[in-house]
Structure formats: C-alpha cells, structure tokens
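Step one of this worksheet: look at the structure below.
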Amino acid sequence: MHIETVDPTTGQRLARYPHHDAEALDGILARGAAGAAAMRALSLTQRAALLEALARAIHGRVEPWAARMVAEVGKPIAQARGEARKCALVCEHYAATGGPHLAPIDVPVGDARARVVHEPLGVVLALMPWNYPMWQVLRFAAPALLAGNGFLLRHADGTTGCGEDLEALFRDAGFPDGVGLQIRTDHDTVAQLIGDARIAAVTLTGSTQAGRAVAAVAGRHLKPCVLELGGSDPFVVLGDADVATAAEVGAKARLQNNGQSCIAAKRFVVVKDQAEAFLAAFQGHLEGAVRGDPADEATTLGPMARADLRAELHRQVRASVAAGARCVLGGAVPAGPGFHYPATLLLDCGPGMPAWDEELFGPVAAVMVVDDDAAAMAAAVHPTYGLGASIWTDPSRAEELTPLVEAGAVFFNAMTASDPRVPFGGIRASGYGRELGVHGLHSFVNAKTVWVG
C-alpha cells in the first residue's frame, strides 16, 4: 500500500510514499511516547526556547515550503509564503507569552493550601487537513508543545510531502526524537491508533463527517479531543455598512486559498437597500481574480486541490441552479489540465439549495437579498454549522448584535480569520474545543488540583 500525491495544476503524479507497516507503526508510537516524556521533563523556559528555534527554522524555510504547498495544494505562491510566515508567528507568540498561563494557580481555601498545576497529557495524535498543510499543524502544535506534550502527525494523503517537511523541521530545530513524526497509513488504521494506550488525546481539523467518526472512536476509548470542522460562514451586509469596503473584503474572504477554507465567507446576506451597489462591486472584484498557475506571482486563484472536490463543487452549483439560483458569473468547468474552477457568483439563493444548506468548499459565493437588518441577522444563522461570521455595520452595534450570532467567532467589519492571540473553533457541526489563545494552550493539559491540609 502507498500514498500518492498529485499536482492539482497539471493533474500529474508528484510522488509515492509507502505506508508504514505494523512494525514501523509500533516503532513510531514508541518513539512518540519517549518524545512526549522528554518534553514533559523540560522546563517551561526550555520549551519556549525550542519554540523560538522552531520559528527561526521556519523563517529559513519559507521559499521551499511555499513551493511545496504550490505543488501539492495549488495554493497561490504569495498566500503560501504568508502561511509559512504565520507558522513562525504562532511559535514566537507562545514562546513569548504562553508561560504565565501555564504557571501554578494558588487558590484560597481557608486553613489548607490549594493550587492548580497544569500538566501535559502525553502524545497527541494530530489528524490534519490539506488546505493549510503547515499552518493547521503549527497552530495546534505550538501551544501543545509549550504545555509539555508530544505529538504524532497523520497528515492528509495529498500533503504527505508537507508532512515530511514538518518532520524534518522538528528534528532540525532540536526537539526530542519522536516529536512530530509523520505516520503514513490508511484511514482504517487511524481508529487503531486512537485506541493505542500510547496516544493520550486527539486533534482533528477536517470535515464534519470525519469529526463524527473520530469523536466516536475517541469516546469509546475516553480520549479527549479537539475537533475543528466545516463551516458555512455568513458574510452579512447591513443597512449602514460601508458597501465598497465590504465588497472588496468579501471577495477576498470568499476566494482565499482558492475558496477552500473552513472560515471562508460562503453565504452572503445583503439588505435590499444595499444590494445593487454591493453586488456590482462584489461581482467586479470576483471577476478581477487572476486564475492560473499558482507558481505565477500574478495568480490570485489557483486550482482546487483534487478532481473529486471540483466535481462535488460543480454538482452543488448545478443543483442550486436547478433549484432556482441564478448563476451570473462562472459556474462552468474550464477545459485544460488540472482542477481549476472559476470564481462563481450565485444569486437568489436560500434554504433548500446545496449552495445554502451545504458547505461550498471552493470559489463559489451564494447570495441572498433580504428586506432589513433583522431578516439579515436571522438568515445568517445556519441550522447546522457555527464556525465564524462576518458582520458589516456601524461598529457601535457590535455589542448589540453579538448575541444574535450563533458561532465560535464573530468579526465586525473584517473577514473571519484565525489569530494566535484569540481562541479559534466552532459550535454544533463545526466542532468543539478551541485552538489558539489561552484556551488553546489549555486544550491538552491536566488541570490538577493539589490540596495540602
């Protein structure tokens, strides 16, 4: 058995990687356990120094990492460089600020003494996706490592080369042997890995379907897990919005990473008084996307990552049009090699259409026009997902409107994004648990009470 990677720009095979057999997997698990024990034995100062070394190593790898992401994912080269640099940023952030949040906390309990200490759990199995193949790993790993854990990586098949680069990164940055090793195996073996006694916890970034499967296995074995899953994030333009800026940012938010991002703006809800101006500007920005070779500096919209992903997106577009949506831009599979799909704009969307009910994981924007602000806020709530939301209005209304947004994050007058300083995650079918911020730092620790009478 083997894993094959494919260049989405050409459709040609890049490389083949053999699966690890049972003996090799056992060896990786043993090394992973030893690596976690070594991390636990280090002081906070020593762990922070390792994160600083990791950041320096990443800065020296920006160009080869970007080239790898272009080749395996089709990510535009400028965005790939940005992803690499963001990986260094998260390491620098936790090295500089994370230590105090892991310090013991003294608790007044009368005549006795009590404190809470934060101890690592052990080896975290990281099941990571292809769309942000470096960032997704580092945003979990940086806080988990500072807390004293180790981890093993089961990367998406299509980004196995990125996984190899990450394994080399941790080795070259001086981490204990066994930290950051990549596991190459089939999906059925993942359940066995979760159940192995040497795995203490699991983190998954992926689809809702994958999250349900992993949660079920982790639950059977009573292993804690963090699930960052899909989303159908609303982008809401209210009656007092700055339409020109909203249209520009909305197009960027929809097309980032070739439209393949869990927190990309996907459902656009616009108050009718703003609709004409917003849609004209929005369509203009979508039309301005430069589709082509992601290695070209001028390209802003590269190919989708796989042929099956493009086929599913096109099915959703056609089914939505059949249900009454109007396609006014794009919507056709282009001729030629690779897995390209054009920037696409669907109007008159609503419940009952795949473009509204399902997650569109590609460069397709679905628009609904509503009567007023109250209707817009109601339409923004998705019955299934709850990852993020972007609301465009007078900033003084943020406190008033925040309770109406059922999601893990709400961004006013900005596109939804992940930032090392604040927690990231969703509710409902978008997952549970948090990455980043102080909450991400505590995701994989044992908050142990110590009581001395």
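Could you give the distance between the Cα centres of the range 246-308 and the range 1-79, to the whole Å? When both Cα centres are located, 29 Å separates them. Of interest is the spacing of the C-alpha centroids, which for the range 101-150 and the range 151-202 amounts to 18 Å. Candidate cross-link partners of Lys252 among the lysines, defined by an alpha-carbon separation under 25 Å and a same-chain spacing of 8 or more, comprise Lys75, Lys86, Lys266, Lys272. For Cys225, the residues 5 or more places off, or on other chains, whose built amide H falls under 5 Å of its own are Val202. Dividing the alpha-carbon Rg of the range 233-412 by 2.2 N^0.38 Å yields what? That ratio works out to 0.98.
Going from the residue with the fewest nearby Cβ atoms within 10 Å to the one with the most, Glu52, Glu23 rank Glu23, Glu52.
Of the trypsin sites (Lys or Arg not before Pro) found in the range 381-445, those that fall in a DSSP loop while having at most 13 other beta-carbon atoms within 10 Å are Arg421.
The length gained on full extension between Thr402 and Ala335, counted as 0.36 nm times the residue separation minus their Cα-Cα distance, comes to 19.7 nm. In terms of other Cβ atoms within 10 Å, Ser261, Ser320 run from fewest to most in the order Ser261, Ser320. Taking 0.36 nm per residue of sequence separation and removing the Cα-Cα distance, the Ala375/Asn446 pair yields an extension gain of 21.2 nm.
For His340, the amide hydrogen comes within under 5 Å of the amide hydrogens of Met304, counting only partners 5 or more places away or on other chains and with H modelled in the peptide plane. The alpha-carbon of Lys448 sits under 15 angstrom from the alpha-carbons of these aspartates and glutamates, leaving out residues fewer than 8 places away in its chain: Asp106, Glu119. Each Lys and Arg contributes +1 and each Asp and Glu -1, all at the Cβ; summed about the Cα centre of the chain, the dipole is approximately 940 debye. Highest mean packing comes first when the peptides 109-116, 223-230, 173-180 are listed by Cβ atoms within 10 Å, giving 223-230, 173-180, 109-116.
Rounded to the nearest 5, the antiparallel percentage of DSSP beta bridges internal to the range 233-412 is 10%. Using only the C-alpha atoms, the convex hull of the chain corresponds to 148 Å³ per residue.
In plain terms, the chain from Ala168 to Ala414 could stretch by 85.0 nm, reckoned as 0.36 nm per residue minus the Cα-Cα distance. Applying the Karplus relation 6.51 cos²θ - 1.76 cosθ + 1.60 with θ = phi - 60° to the range 137-152 yields 3J(HN,Hα) values of 6, 5, 5, 7, 5, 4, x, 5, 6, 4, 6, x, 7, x, 7, 10 Hz, where x marks Gly and Pro.
Each of Thr299, Val214, Leu44 was placed along the dipole of the chain (beta-carbon charges, centred on the mean Cα), and the one lying farthest toward the positive end is Leu44. Each Cα pair of the range 1-141 feeds into the Kirkwood radius, which the Stokes-Einstein equation turns, at 20 °C and 1.002 mPa s, into a diffusion coefficient of 118 µm²/s. Given +1 at the Cβ of Lys and Arg, -1 at the Cβ of Asp and Glu and no other charges, the dipole of the range 233-412 around its Cα centre is 720 debye to the nearest 20. The sum of -39500 (n - 2.57) across all DSSP H runs of n ≥ 4, divided by the residue count of the chain, sets its helix-only mean residue ellipticity at 222 nm to -12500 deg cm²/dmol.
Per-residue 3J(HN,Hα) values for the range 290-301, derived from phi via the Karplus relation 6.51 cos²θ - 1.76 cosθ + 1.60 with θ = phi - 60°, read 9, 8, x, 5, x, 6, 7, 4, 7, 6, 10, 9 Hz in sequence order (x marks Gly and Pro). Measuring r between the beta carbons of Ser43 and Ile427 and using R0 = 35 Å, the FRET efficiency lands at 0.45. Across the chain, Cα pairs under 8 Å and at least six residues apart give a relative contact order of 19 percent.
Values in this text are rule-based calculations from the coordinates and carry no lab data. Owing to the predicted nature of the structure, the values given are computational and were not obtained by experimental measurement. Because the Cβ atoms are built from the backbone with ideal geometry, glycine has one as well, and the counts that use them run over all protein chains shown.
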